[in-house]
1. Please go through segment 127-146 and give me each residue that is of a type in the set (Asp, Glu), touching a residue at least 24 places away in the same chain (Cβ under 8 Å) and surrounded by fewer than 16 Cβ atoms within 10 Å (Cβ to Cβ), ordered by number.
2. Say we look at segment 8-42 and pick out the residues that are part of a loop (DSSP other than H, G, I, E, B) and more than 18 Å from the chain's Cα centre (by Cα); which of these is modelled with the highest pLDDT?
3. Among (1) assigned to a strand (DSSP E or B); (2) touching a Lys or Arg at 6+ places or on another chain (Cβ under 9 Å); (3) touching a residue at least 60 places away in the same chain (Cβ under 8 Å); (4) of a type outside the set (Phe, Trp, Tyr), there is one condition His85 misses while meeting the rest; what is its number?
4. For Asp101, indicate whether it is under 22 Å from Val54 (Cβ atoms), among the acidic types (Asp, Glu) and out of contact with any His (no Cβ under 6 Å at 6 or more places or on another chain).
5. Out of Phe161, Phe149, which single residue is within 18 Å of Val40 (Cβ to Cβ), crowded, with 16+ Cβ neighbours inside 10 Å and aromatic (Phe, Trp, Tyr)?
6. Look at segment 68-82 and say how many of its residues are in a loop (DSSP other than H, G, I, E, B) and surrounded by fewer than 19 Cβ atoms within 10 Å (Cβ to Cβ).
7. Return yes or no: is Leu66 in contact with a Phe, Trp or Tyr (Cβ under 6 Å, 6 or more places away or on another chain) and aliphatic (A, V, I, L, M)?
Amino acid sequence: MGTKHNSLLSTIVLAGGKSSRMGEDKALISIGGMPLLQLVCGVAADCTDDVYVVTPWPERYQHLVLPSCQFIREVPLSPSSATTHGPLVGFAQGLAQVQTDWVLLLACDLPRLRVEVLQAWVSELNRVDDQAIATLVHHSKGWEPLCGFYRRRCLPQLSNFIHQGGRSFQQWLNQHPIQALSLPASEMLFNCNTPEDLALLK
């Protein structure tokens, strides 16, 4: 591990959403002739050696990504619960499977990700305060949880929050020290949630 990139960093891509507002599976939407999940995983592979896709449906997506990408099956928290519990639970299940000190967490619906911005952020990880559990972009609605970096050691606090019924990234993040990332290009965080969002890319 770490032959190309930072051996202290891996990527988790979340692909477990219901895509209800879009009306179709966001991960499969074609952007410039490439499925969105494939695009995001390709960018991630330019930044880290190890890319993990967390999803309840690995079989749906395996043909889309590089063979080097690994899948982590998101599972219900109990036999009677829903198939998916939202991104926080998916992240926790993925985080429990990785071994690197840092994890780059990405949503699967970020068509304007820029490799050079992510790589610049990676180069700053050794300067993050020791107390911070994550380094993320902050905007008017709070922290941007699905395009940023987390320390693997935050897993016990995250698991405890989920065990107590917590499902909100913002609520969890607000309980812990976070270091802000500078964002030179705000459009990089544009995500596709609706057909109207998708139309803006065409």
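The values are calculated or read from the model by the stated rules, or taken from the named source; none is laboratory data. Computed from a prediction, not measured in an experiment: that's the story for all the values here. Methodologically, a virtual Cβ is constructed for each residue, glycine included, from the backbone with ideal geometry; neighbour enumeration extends over all protein chains shown.
1. The one that is of a type in the set (Asp, Glu), touching a residue at least 24 places away in the same chain (Cβ under 8 Å) and surrounded by fewer than 16 Cβ atoms within 10 Å (Cβ to Cβ): Asp129.
2. So, considering only residues that are part of a loop (DSSP other than H, G, I, E, B) and more than 18 Å from the chain's Cα centre (by Cα), the one modelled with the highest pLDDT is Gly33.
3. Of everything listed in (1) assigned to a strand (DSSP E or B); (2) touching a Lys or Arg at 6+ places or on another chain (Cβ under 9 Å); (3) touching a residue at least 60 places away in the same chain (Cβ under 8 Å); (4) of a type outside the set (Phe, Trp, Tyr), His85 misses just condition (1).
4. Spelling it out, Asp101 is indeed under 22 Å from Val54 (Cβ atoms), among the acidic types (Asp, Glu) and out of contact with any His (no Cβ under 6 Å at 6 or more places or on another chain).
5. Details: Phe161 fails: within 18 Å of Val40 (Cβ to Cβ).
Unique residue meeting the criteria: Phe149.
6. Counting residues in segment 68-82 that are in a loop (DSSP other than H, G, I, E, B) and surrounded by fewer than 19 Cβ atoms within 10 Å (Cβ to Cβ) gives 9.
7. Answer is no for this residue.
Every residue, every condition in (1) buried (at least 20 other Cβ atoms within 10 Å of the Cβ); (2) at pLDDT below 95; (3) closer than 16 Å to Ser10 by Cβ, yes or no:
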position	(1), (2), (3)
Ala44	yes, no, yes
Asp49	no, yes, yes
Trp57	no, yes, no
Leu66	no, yes, yes
Gly94	yes, no, yes
Asp101	no, no, yes
Leu125	no, no, yes
